[in-house]
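A short worksheet on the structure shown next.
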Amino acid sequence: MRESTVNSRAWLAFPVEGIAVPAVGMTLLSLMFLSAALWNGFPLIFYDTGAYLLEGLGHIFLVERAPVYAELLFLAGGNFSLWPIVVLQALMTSYLILEVARAEVPGLTLRGLIVIGAALSLLTGIAWYVGQVEPDIFTPVVILGAWLLMFRSARLGKARLRWVIGLTGLAVACHPSHLGLIGGLLLCAALLKLLARWGLPKPDLKRGVIGLVTGIALIVVGNFALTGNLFISKSGSVFVFARLMQDGIVKRLLQDTCPPQGDINWRLCEYKNRLATSANGWLWGAGSGFHALGGFTSKTQQQEDSRIIVESLKRYPMMHLRAAVYDSLLQFLQFKTGDGIEPQLSIVTPNFRRMIPEQLPAYLKARQQHGLIRFKVLNLIHVPVGAMSVLGLLLLLQHAGLRRAWDQASLPALVLLGLVGNAIICGTFSNPHDRYQSRVIWLPALVLLLAVARDRRALQPVAESGT
């Protein structure tokens with residue numbers, strides 16, 4: 001017994017290099033990140049899960065959903081079980097975290113990696129997104145992958161670099177907002193490259209662009225597989241329009257232009273006194289005019305939505321600016337864990353019964369469907385940790401700036417830009433929801449944990465020589 005204990009301790013002291021130790025590390029991280037789903041007794045379900053099932057398993061194209069994630073769900077064996085897709089998500093997330101950890105903390109041991117994974121699982125909401133049948137976990141993967149490609153590609157080697165490119169491209173393709181996210185990060189990196197002569201890091205834009213192009217290629221291929229047509233997105237301006245309705249901009253325009261005036265003749269005029277007061281009410285409400293006018297499949301209504309957006313921008317530019325800034329700021333500050341993780345019986349169950357009836361009993365037995373998941377206590381931990389870790393990012397950046405350790409500043413800076421970019425994209429082009437920001441708020445905690453591990457590793461030789 002004592003010998004086996006000694007051997008296990010020696011194993012934990014091994015650095016996460018080579019093949020065997022990283023494989024063990026990924027396995028342990030994945031198990032920790034799947035803890036919420038395992039405790040639930042079934043992969044976690046969101047309102048959109050039913051649509052992804054219909055698209056991926058039923059091979060029916062839905063304008064409002066990303067086909068790549070739906071097809072990934074199908075390829076992962078969703079017809080037989082939803083566990084493979086969340087296991088795949090856990091492995092992908094663990095691999096990217098492992099690569100970031102190896103790049104930031106040379107000589108990191110398996111014990112150190114386990115401590116980092118345990119802290120993330122207990123103190124943040126990562127496990128609630130890894131174990132959810134929803135592409136939200138791919139948003140932080142985009143950010144981590146972009147950093148590796150632009151700032152650490154030279155350290156990866158050819159094989160690992162290909163894996164990071166492929167996983168980053170897949171993450172980009174899993175949701176339309178990810179195109180804007182990685183595009184914004186590339187733009188910031190391009191501006192940084194102009195300042196490289198002042199001693200700042202010189203990002204590898206080529207690798208980042210390859211990740212973006214890989215994502216676009218997967219989107220086009222995924223859309224072609226379901227529709228036989230080549231395109232990136234057909235959702236158009238629907239979500240932006242819904243957000244403008246929520247902010248009162250659409251109502252203001254209709255009040256000023258209805259009844260028809262000259263060339264302006266909106267079909268929406270007949271609904272000007274019956275507009276939804278929220279974006280969700282407009283898009284998903286049973287009695288919404290959106291569905292009466294054709295919904296997501298109506299090209300005519302999408303064209304009118306676009307014209308209304310353009311006309312309102314011309315008439316009320318400051319109203320647009322104030323709303324966009326307010327929504328982006330609200331989104332940045334809104335990151336409670338558990339948004340939408342609740343019983344989905346009335347919305348998702350019909351698709352389970354239709355598409356995967358053999359999985360229905362396990363789905364119905366899960367704690368989620370019985371309303372047994374309580375996030376109030378969890379958020380007493382997750383929200384303060386999220387807020388303090390963002391402040392920690394700022395302190396890391398200040399500390400690196402004072403020491404002019406620009407290379408160490410690249411990860412916290414890119415993560416902070418990713419948080420801001422995600423808030424702007426989701427707040428402006430959709431509308432603020434806790435889940436949009438909570439899916440990435442664990443990234444600052446990861447950066448802080450890696451910084452602590454790196455500094456401890458750096459101090460060890462000094463301590464040993466002093467003794």
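So what is the calculated 222 nm ellipticity per residue for the chain, using -39500 (n - 2.57) for each DSSP H run with n of 4 or more, over all residues, to the nearest 500 deg cm²/dmol? Intermediate results must be reported in sequence, preceding the final value.
Details: 24 runs with 319 residues, N = 467.
So the calculated ellipticity at 222 nm is -22000 deg cm²/dmol.
Is any residue of region 356-390 close enough, with backbone N under 20 Å, to a label point placed 7 angstrom from the Cα of L122 along the Cα-Cβ axis, and if so, which?
Zone members listed by number: 374-390.
What FRET efficiency, computed as 1/(1 + (r/R0)^6) with R0 = 51 Å and r the Cβ-Cβ distance, is obtained for V325 and L364, rounded to the nearest 0.05?
Efficiency for this residue pair is about 0.70.
If R0 is 45 Å, what FRET efficiency do you get for A20 and L345 from their C-beta distance, rounded to 0.05?
On the way: r = 45 Å, r/R0 = 0.99.
Result of the calculation: an efficiency of 0.50.
Kindly put E134, E55 in sequence by how many other C-beta atoms sit within 10 Å of each C-beta, fewest to most.
If I rank by nearby Cβ atoms, fewest first, I get E55, E134.
Points 7 angstrom from Cα along the Cβ direction at R111 and N280: gap in nanometres?
Computed distance between label sites R111 and N280 equals 4.6 nm.
Could you calculate the contour length gain from L194 to R267, that is, 0.36 nm times the residue separation minus the distance between their Cα atoms, to one decimal place in nm?
Extending this stretch completely gives an extra 21.4 nm.
Averaging sequence separations of C-alpha pairs under 8 Å and six or more residues apart, then dividing by the length of region 238-315, give the relative contact order as a whole percent.
About 34 percent, as a whole number.
Just going by the charge dipole of the chain, with Lys and Arg at +1 and Asp and Glu at -1 on Cβ, which of W406, T214, L62 is farthest out on the positive end?
W406
Could you list, in their original order, any pairs among K251/K314; K158/K193; K251/K336 whose Cα atoms are separated by more than 21 Å?
K158/K193; K251/K336
Suppose R0 equals 22 Å. What FRET efficiency, 1/(1 + (r/R0)^6) with r the Cβ-Cβ distance, do T300 and T227 give to the nearest 0.05?
The pair T300/T227 has a calculated efficiency of 0.70.
For region 364-395 and region 60-98, what is the separation of their C-alpha centers, rounded to whole Å?
The two parts, judged by their Cα centres, are 23 Å apart.
On the Cα set of region 238-315, report Rg and Dmax in Å, please.
Here Rg and the maximum Cα pair distance are 11.3, 33 Å.
Could you check how many percent of all C-alpha pairs in region 10-161 are farther apart than 19 Å?
Cα-Cα pairs of region 10-161 separated by over 19 Å account for 56 percent.
Measuring from a point 7 Å past the Cα of L31 along Cα-to-C-beta, which residues in region 77-109 have an amide N at less than 12 Å?
It comes to no residues whatsoever.
For the chain, with the dipole built from +1 on Lys and Arg beta-carbon atoms and -1 on Asp and Glu ones, taken about the Cα centre, which of F239, L395, A119 lies farthest toward the positive end?
The listed residue farthest towards the positive side: L395.
Values quoted throughout were computed directly from the atomic coordinates according to the rules given, and no laboratory measurement underlies them. Nothing here was measured: the structure is a model prediction, and the numbers come from that model. Positions of Cβ are backbone-derived with ideal geometry, glycine not excepted, and every protein chain shown enters the neighbour counts.
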